[in-house]
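First up is the structure itself, then whatever we jot down about it.
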Amino acid sequence: MMTALLHTWFNRHERARIYPFIGFIVLLALEPLLAKGLLALGLGAEPTYLIRSVSALCLLLYFRRDYLELRTRPSVWQLLTAVLAGGLVFLVWVAPYPAWLGGHVAGPVAAMPTNTTADIFWLICRWSGSALVVPVIEELFWRSYLMRRLDHADFMSVSPAMVSAYAIIVSSILFAIEHQLWLAGLLAGLVYAWLYRHFQVLWVSILAHVTTNAVLGAWVVCGGHWQYW
């Protein structure tokens, strides 16, 4: 029933960009139940993030032929710009903010690594999922789909270069709400949106997002700043 309704509400191009993102979010909401089930099986709670990432990756592979915007490759200059922009977003993300601007909250429920095999496995799953999978599903959803969808129901017909300021701002605000550090999330959303609008190559936004998450993950692990995860 639910599958039939979703197929009625969304066309294939929409489903290709919505399903990986929604699936990731749903599994995030179900993480306590997943962790409890894994613990009951004697597997430990560490694989929960891996389950989310693999599920999203499987959906991305299933819909891979529908991602027409990913067929345009970035130039070297665009790649360099993406890396620099992603690094800038990282600096914004770790800047100190007062509590009313989205100050830091407690770290993840999972135990902090203590150099055991399970901890190392958790770190690999967490970092790779955050740096390699999340940027793809989020840029496909927030920038390629929602930002253009806000301007026209036939979002595939909307050139990134013609996206309105309204669409950029609203999609960035919604992107910010998804994150605990909402101000940093808002600024990140605006940067990624500007990159897509300016270069019209989604890979630029994706690589900037990859850079942010990869550097942030390394900073968390090396510096013990677990509250950011």
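The values are calculated or read from the model by the stated rules, or taken from the named source; none is laboratory data. All values reported here derive from a predicted model rather than from experimental measurement. Cβ placement follows ideal geometry from the backbone for every residue including glycine, while neighbour counts extend to all protein chains displayed. When the accessible area is computed, the model is the full protein with side chains, heavy atoms only, and any ligands, DNA or RNA have been set aside. Shrake-Rupley method; radii C 1.70, N 1.55, O 1.52, S 1.80 Å.
With a 10 Å cut-off between alpha carbons and a GNM built on the chain, which of 16, 161, 184 moves the most? Sorting by GNM fluctuation, first place goes to 161.
Think of the chain as a dipole: +1 on every Lys or Arg Cβ, -1 on every Asp or Glu Cβ, centred on the Cα centre; then among 123, 206, 38, 206 lies furthest on the positive end. Expressed as an acute angle from 0 to 90° and rounded to the nearest 10, what is the orientation of the C-alpha long axis of helix 182-199 relative to the principal long axis of the chain? Value to nearest ten degrees: 40. Which whole-number percent is the relative contact order of the chain (Cα, under 8 Å, 6+ apart)? Computed value for the chain: 28 percent relative contact order. Residues considered: 129, 86, 37. Largest GNM mean-square fluctuation over the chain, using C-alpha springs under 10 Å, is found at 37. Would you indicate which of [x] 0.92; [y] 1.03; [z] 1.08 is the value of Cα Rg over 2.2 N^0.38 Å derived from the coordinates of this structure? Computing Cα Rg over 2.2 N^0.38 Å and matching it to [x] 0.92; [y] 1.03; [z] 1.08 gives [y]. The mean accessible area for residues of the chain, using a 1.4 Å probe and ignoring ligands and nucleic acids, is 51 Å² per residue. For the residues 209, 179, a 1.4 Å probe over the protein chains yields an accessible-area ranking, largest first, of 179, 209.
Segment residue 198..residue 73, full-extension length gain: 43.5 nm, with 0.36 nm per residue of separation and the alpha-carbon distance subtracted.
Result for the chain in a Gaussian network model with C-alpha springs under 10 Å: among 157, 53, 144, the largest mean-square fluctuation is at 157. Surface composition of the chain: carbon plus sulfur atoms hold 72% of the accessible area, using a 1.4 angstrom probe and ignoring ligands, DNA and RNA. Segment residue 25..residue 41, full-extension length gain: 3.4 nm, with 0.36 nm per residue of separation and the alpha-carbon distance subtracted. Fully extending the segment from residue 33 to residue 170, taken as 0.36 nm per residue of separation minus the present Cα-Cα distance, adds 46.1 nm.
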